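Taking it in order: structure first as structure tokens, then the write-up.
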Amino acid sequence: MASLLRSLFLLLIVQSFLVAIAFGSNEVEEFSEALLLKPLPDRKVLAHFHFENRAPPSNSHGLHHHLFPKAISQLVQKFRVKEMELSFTQGRWNHEHWGGFDPLSSMNAKPVGVELWAVFDVPQSQVDTSWKNLTHALSGLFCASINFLESSTSYAAPTWGFGPNSNKLRYGSLPREAVCTENLTPWLKLLPCRDKDGISALMNRPSVYRGFYHSQRLHLSTVESGQEGLGSGIMLEQTLTVVLQPDTTSVESNMQPSWSLSSLFGRKVVGRCVLAKSSNVYLQLEGLLGHGSKNVDTEIEAHGLWKNADFELSLKPERVLRESSSFLFIFDIDKSSDSEPFDLGLTWNLPSKWSCQQAPLHASRFLMGSGNERGAIAILLKATESQEKLSGRDLTNGQCTIKANIFQIFPWYIKVYYHTLQIFVDQQQKTDSEVLKKINVSPSTDKVSSGMMEMMLELPCEVKSVAISIEYDKGFLHIDEYPPDANQGFDIPSALISFPNHHASLDFQEELNKSPLLSSFKEKSLVRSYTEVLLVPLTTPDFSMPYNVITITCTIFALYFGSLLNVLRRRIGEEERFLKSQGKKTGGLKQLLSRITAKIRGRPIEEQSSSESPAAQSSVLSSKLIFKIILVAGAAAAWQYFSTDK
Amino acid sequence: MAAVNRDNEEEVKTDDGSPKIKPRPIVRLGIFLIAHSPVFSVVFSAAGVLALLLLPLLAKNTYISENALMPGSARSMLSNRDVSDGSKLVKDIKNFRLNHEGQGVEVQKLIGKYMSDMGAEVSYQKFHPEGNQFHPLHFFSGPDSYTLLENVSCASYGVNVAGIIRAPRGDGKESIVLVTPYDFINGGDYEDLSLGIVSSLFSLLSRVTWLSKDIIWLVADSRYGDYRPVAAWLTEYHSPSFKVSDLLKCDEQNTADNFRRAGTMAAALVLKVDGRSEKFEDTLSIYAEASNGQMPNLDLINVVNYLAVHRQGFYVKVEKVVSLLSSSWLKIFGEIFEAVGKLAHMLNPDWNFGIPAADYLEGSATLASSLYSQALGIPTGPHGAFRDYQVDAITLKVSPRFPPDSKTRQHDFFLRGARLLEGTIRSVNNLLEKFHQSFFLYMLTSPSKFISVGVYMIAFALLVAPLPMVAASLYIDGCKSLTNSTDNPTENFKSWKWLDAAKQVFTLHLFGFIVTLLPYFICQVPGQHSPTNRSIMWGTTSSSLLLITFVTMPGCSPFSSRLHGTNWAILKSVTISAAFIGLCLMSIINFATAEIGALLLVPTCLMAQPIKPALRSRRLKSLLGAFCSIVLLTIGFPVMFFAISKGLLGEGLVGLSLGGEFWTWLESLWAWKSATYLYIGMVHLPCWLLCLCILFHPS
């Protein structure tokens, strides 16, 4: 008993010592988890999981981390990544209904497939090498074919059109990458609680992948400590955005569907991840300003906010925050337990209708032309209804203008003619100098590098529509450059439209506690939207005919070797001499034959050999030939008949 | 030993007695064929015609080549609820029509509202009803040569309604198009039914989760024909003009330019409901021919046919020439083939190529229709507009067996029609790649039987095979006779003898080219003219042009004196070569045209010979030959052939209206940019004229 006590005591001492080491530096590794739920106007629900993991700048414990995933920190150290973002997306973000002018959409509306960009902290000459190594490392880490971004034909180095201005930035995307659980599982492995506990326990694979939109993102940035001898800290932000359709039982079509966490995900939250510093659930409701009371402090009013005639929440929120156009309900899942799991539900009592804030211009992109030779890519920007309300206009020289950056990568087999760039503003063709403020073009090189176009448009605020078209030629690929499903066509990655003068942020009226999700929303983020991926049908050879190829090759080989052998073997001079000698003396059988033919014809024998007209000769030949053919055909028919009859 | 014998036999002795090395076998074969060209040309031509007649026997059963399609493997998800949605739309439209007479636009709004209620994105598109105008320079240019018409009247324009369902988890790269032509002003009850079928389906598709391609439902305003609205919508989809459109100015209704697109089109289905079926079952007719004999991928037809026959129990048919079904000569052929087939089967049970005579008749009637529609080069429905953009499309014409106002049957009809479309869409939706696996070059002899290019090429190859042979043999003959007659054996001159004939051939081809362009200028003549007048104008200008050609270039005239005229054998040789080249070129562009053209042109060219010596000799054989060539030349004249083919198709034509009919026919050919028009003007007509020249040759 005493020994047991002693050992326990020892253990306690050791533990406290360890804790003292861990918390020795002024900052510690922090992990926080959050979930934002948001009903969308088109009867869907958006769920945004947000996990943040911070490793402070320190070298006190070397490469050892408590919470921070070692794989990521090794990645950062090895390739000297300054900032990096990787996203896996399935489905399309609906800018009209799900919003385009809030931090959530501008950061989480990603192009289909895989998108990766990274800024490196290495000398300019080593950026490409680092990028290539990074793609391979990530490919292994996330079970995805990110390594295809290694080839110089698939990535580009945007200078200013993408966002972060840096010449050490590389950007690439793989539109055809299929996203599934095999990508989610390694992503979850980076979390300290994986999906066993806390908010991430909600991620039931079938319900996550049943959604209309699914985007998992990993963003990491290094924070310079500023102190000598101290390494840089890393901030890892992992988000998963899903748009789900709640099961509706109500017949009324204008009624918003009611839902709860368990009905959406099929699971409930039982307690938080114990390693997380904060673990919150947020519910954002837009367009409820009609109920916006002046004073939210009083208990009754706050109660009225979450339980009123319009809708009802199943749990009482900890706090209610007000934003310019929405309310944010904050819940803490600390109180939940096994017996009483956290199951937030929203029940609508009255039909409700609202609309999301839209980006100033709605972008769409499509292909023009027909046939396998030429075509054009057109980008259409249309003014949205919410444009007038938006701030961020540039009022230089008394003119109200909207700036729009367009960043676009073209694969090399899309040979773009940059001189054919045409810009129509409100259906009037404009010269480049009128609307184009800046343009940066790097043309593609065949089979070496992809083309890239960045341009900055300056448009008047009252613009209704802008159309940009640029012509291209379709290139020919070498037979071994075609992917396995070449007949599907080839993808042109999404173009990125960003509005450098417009920034989206949620502006909360109250001062917040330090929730990473909310602080990231509070930061001003660039309003951006990705266009559709385009499918270009290229001319493809008929791959399904290996048999023909083999046949033709064999024929050619046979012809080649046959004639070669002929040439090598034959001696023309010898043959001529032989023929001459043959001409003098005729063989016995031949004489016999000629005699028979002469008898049949009733002519003397001498005539036959001396002068015979070619026509007569050919008629002899033809009759003989026909006889032979008939003989052979007869034999073949007989053989066929007897061979198959049995 | 035998080989040596043969060698010795075939050895050709030269003048000095020394043995010459025999030519290579292929050369010998060529010489042999040329030497016996009359026999071989008869054999080959007959074999060509026979091969054409044999085609229905050689037809293979269709099969689904692309495994990914998997038609009918999924259970239909269409429920009664969806069908009642469709029925409701039809009822609403009917009620609306009764209450608001002649307000087409509002019907469009109604359909648009239904679409958006189902969760689709709706857009309206205005278009000009004016069709394509003939312009000689735009003949082969693509459909993107979109010219804005200057004076647009706001009074007449059509409005298309398009709804797009976005695939929930799709990436939006591809789409499938459903088209229902609908006359918003005076559409009949049957047209309403097509809307009902598609809206039932649309209601389902807005809920399903398996979609990977977006679905577009286009309700085309068929007031101005079926084809034009679809073509206009496709033009707007693929090559919009970003400039100010005149149509937007006359904006009496608020259809702002919110044209929506949904990626590359994978396939398109046009659905029409018309007329009552004569059969006991509901009938489904498949139309596939697009412009210039282009066909959609056979797999698309296969999928529809499979689902219609094996799942939904439709009676599926393709178009056929009805008059051929009762023709006795074809029946005799059918019986002969049947007998031969039976005999072969008796000899060897494995030889199963015989088919019943009735099947043969049916097959040949379908094949003739297939050949005719492909040769004409005019699309047989709105699906033709899609082919211009390399989209596989077919038109499905459904004829219900009940009158349109029968409510009870309507539900069942909607259910089956929508299930058929659902299955087809599901198959196309499964497809990862575009249609490429199955045939593009084929002819149908029944909905489930086809003849691939490898088989039907044989008939054409056999037909045109004699042409180079005869040309070569005639050339040799002509050279010989010329050297004999002129008594001036200068070697230099000898090799250029064909030049005179070539000049004549070239002149007449140039004439043909001008005649081809003439209609454009005749169309420019101010004032309204009837087709008959125009054809007379065309006829007179062309014949006067021909006269001028003959006067200015005496070498070309058949009536010129003997001194100017070229040797007819060489002229015929060059003519035949030109015809051969023309036919081979045409076979690449539009095979069916070349096939029918070869049927006409090959015997004419082969039989053409001067009638003067024949009349002089008064021998029965030569007189018969001359008579044959005159008959063939008469048939070969395009107008004449047109009249005969019309007669065959069972449409009587009398007198002067023939010219007008012919003009309208040609007008339709060039309006549809059919290469057949070019063939008639630039290959057939010159060759026919040259044969005429040979016929009246003064030798």
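All of the numbers you see were taken from the coordinates with simple rules; none came from a lab. Note that this is a predicted model, so its numbers are computed, not measured. No Cβ is skipped: glycine too gets one built from the backbone with ideal geometry, and neighbour counts run over all protein chains shown.
In table form, for the structure just shown:
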item: Entries in A:LYS110/B:LYS126; A:LYS353/B:LYS109; A:LYS403/A:LYS522 that, when Cα-Cα distance is taken, lie over 31 Å; result: A:LYS110/B:LYS126
item: Average beta-carbon neighbours from other chains, 10 Å sphere, peptide B:163-172; result: 5
item: Peptides B:541-548, B:370-377, B:618-625, A:147-154 ordered by average Cβ neighbours within 10 Å, highest first; result: B:370-377, A:147-154, B:541-548, B:618-625
item: Label-to-label distance, nm, for residues given as A:HIS97 and A:SER314 (7 Å Cα→Cβ offset); result: 2.4 nm
item: Pairs of lysines in the range B:260-411 (C-alpha under 29 Å apart; 8 or more residues apart or interchain); result: 18
item: Translational diffusion of the range B:279-438, µm² s⁻¹ [Kirkwood Rh, Cα pairs; Stokes-Einstein; 4 °C; 1.567 mPa s]; result: 72 µm²/s
item: The range B:173-242: projected area of the alpha-carbon convex hull, averaged over directions, in nm²; result: 5.9 nm²
item: Rounded to whole Å, sorted largest first: equivalent-ellipsoid semi-axes of the range B:569-612, Cα gyration tensor; result: 22, 12, 4
item: Lysines whose Cα lies under 20 Å from that of A:LYS628, excluding same-chain neighbours fewer than 8 positions away; result: A:LYS590
item: Over the range B:295-352 - Rg/Rh using Cα atoms and the Kirkwood inverse-distance radius; result: 1.15
item: Order by protection proxy (mean Cβ within 10 Å, highest first), peptides B:204-213, B:271-280; result: B:204-213, B:271-280
item: Averaged over B:30-41, number of beta-carbon atoms from partner chains that fall within 10 Å; result: 1
item: Amide H partners (placed H, <5 Å) of B:LYS320, local residues excluded; result: none
item: Above-threshold pairs, the threshold being 29 Å between Cα atoms, out of A:LYS44/B:LYS173; B:LYS243/B:LYS434; B:LYS91/B:LYS449; A:LYS168/A:LYS464; result: B:LYS243/B:LYS434; B:LYS91/B:LYS449; A:LYS168/A:LYS464
item: For the range A:435-484, average projected area of the Cα convex hull in nm²; result: 5.5 nm²
item: Cα point-scatterer Debye curve for the range B:497-642, base-10 log of I(q)/I(0) at q = 0.15, 0.17, 0.18, 0.20 Å⁻¹; result: -0.98, -1.21, -1.30, -1.44
